[in-house]
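Throughout, read-outs are computed from the coordinates displayed, never taken from laboratory work. Predicted model only: the values in this text are computed from it and were never measured. Positions of Cβ are generated from backbone atoms using ideal geometry, with glycine treated the same way; all protein chains shown enter the neighbour counts.
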Amino acid sequence: MSAVPEGTTMYRRADPAANRAEWHRYYSPKRSPHQHAQLELLGRTEARRVLEIGPYLGYVTALLDNAGYAVETLDLGPRQFARPEVPHHACDLTALDPARFAGFDAVLCCETLEHLPFAAARDVLRRLHATGAAHLVVSVPWSGLHLWLAVQVAPGWLRSALHLKWPRRFSRFVPEADPLGHKWEVGYRGTSLAAWEGALAAAGWRVRERVFTTPTRSIMHLCDRAEVR
């Protein structure tokens, strides 16, 4: 994948109102906790200079910038947000030159690698390790069983939320239907959690912490640099 496929809707719209509507749609109350989880894991490291891969409309970028990190972004196409004004690299991940991105303390790569074939994702993990970064925060969708229940009680007020997601067993991905769509998910058919964590280990990343994010259905790992097997 070396260019933004024609006919896709992932990239910046000319109409500012359309961009605002997309921002509110994408960064919903359901998804926002996932964005904050990235910073929570990153905060458990000593990282200061961060490469964020797949920033989309810049929510996490803004949080990183506001928190005082020196952040640069990388995506397949041009930057899709005006602020914050951070350095941006338009780059095909599958052809990433590790030497070009040396010097970062940590890499954030969340909800991105599932858009590549699994073999290509494994190669990207190796390329990211070769940059010399000490830490990796990575997340991909989780398609296994997921149950989350929350109850809030106050005088005269009761609020509850239940999220139950069954494992995906019979549906299938059709990559041709959406060039930028998901090609795989952990827990879906042949891609087990063991296979995904094995790919991290084989690329030289040692898992420090595993988190299942809620109410989104993703699995997030904080990894430290280790030797390549």
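Quick notes
- Gain on full stretching of the segment that runs from His36 to Asp92 - 0.36 nm per residue minus C-alpha separation: 17.6 nm
- The order of the peptides 20-29, 130-139, 61-70 by mean Cβ neighbours within 10 Å, most packed first, is 130-139, 61-70, 20-29.
- Simple spin-label estimate for Arg25 and Ala195 gives 3.1 nm between the two label positions (7 Å along the Cα-to-Cβ direction from each Cα).
- For the pair Arg206 and Ala102 in one chain, pulling the backbone fully straight at 0.36 nm per residue adds 35.5 nm over the alpha carbon distance.
- Computed over the range 28-141: relative contact order in percent, which uses C-alpha pairs under 8 Å that are six or more apart: 26 percent
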